[in-house]
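A.B. asks: Structure incoming, see below.
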Amino acid sequence: MKIRTDRKELLDHYKDSSNLNLRTSLHQNYSTSPVPWGSWLFDHINLPAEACVLEVGCGPGGIWKSTEKVERLNWSPYLTDLSTGMVAEARMALADNDRFRFLTADSQDLPFPDDHFDGVLSCAMMYHV
């Protein structure tokens, strides 16, 4: 797999979720874990019940849609991605939950003050930075 770090190349490759979906389908089709990734992840996050959470590199919002546990959390999630297409897909996928906030943002220049969030998630994207 080619590691993409050039901003222009990233924006082209991830203009929408089609290339990302090719990779995630491998996990969905061949995973041997009885627990879906999103469920496992949210079981292992220790944040306050009223946490303000940032996801950097949200893609199409997959981890939030993959588990019913999100509905039981009283978090205020902010989902960001470099790709406007990914943010649009995440917004559509999570449209039924008005707690989510969406923003197109570069992970290397996030527009938030220090100490704004109780926790930060960044799943399988930091190698692009």
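The values are calculated or read from the model by the stated rules, or taken from the named source; none is laboratory data. If you're wondering where the values come from, they're calculated on a predicted model, not measured in any experiment. Methodologically, a virtual Cβ is constructed for each residue, glycine included, from the backbone with ideal geometry; neighbour enumeration extends over all protein chains shown. For accessibility, only protein heavy atoms count, side chains too; no ligands or nucleic acids. Shrake-Rupley method; radii C 1.70, N 1.55, O 1.52, S 1.80 Å.
A.B. asks: Is it fair to say residue 87 is of a type in the set (Val, Ile, Thr), over 17 Å from residue 12 (Cβ atoms) and within 15 Å of the chain's Cα centre (by Cα)?
C.D. replies: So residue 87 fails the test.
A.B. asks: Here's a follow-up. Counting only residues that are open to solvent by 80 Å² or more (accessible area, probe 1.4 Å) and hydrophobic (A, V, I, L, M, F, W, C), give me the helices (runs of 4 or more DSSP H) lying completely in segment 1-104 with at least 2 of them.
C.D. replies: 18-30, 37-43
A.B. asks: Condition first: open to solvent by less than 50 Å² (accessible area, probe 1.4 Å) and either assigned to a loop (DSSP other than H, G, I, E, B) or touching a Ser or Thr at 6+ places or on another chain (Cβ under 8 Å) (or both). Now tell me which residues in segment 113-128 satisfy that.
C.D. replies: If the condition is that a residue be open to solvent by less than 50 Å² (accessible area, probe 1.4 Å) and either assigned to a loop (DSSP other than H, G, I, E, B) or touching a Ser or Thr at 6+ places or on another chain (Cβ under 8 Å) (or both), then 117, 122, 123, 125, 128 are the ones that fit.
A.B. asks: Among the candidates 73, 54, single out the residue that is within 22 Å of residue 10 (Cα to Cα), touching a residue at least 12 places away in the same chain (Cβ under 8 Å) and of a type outside the set (Gly, Ala, Ser).
C.D. replies: 54
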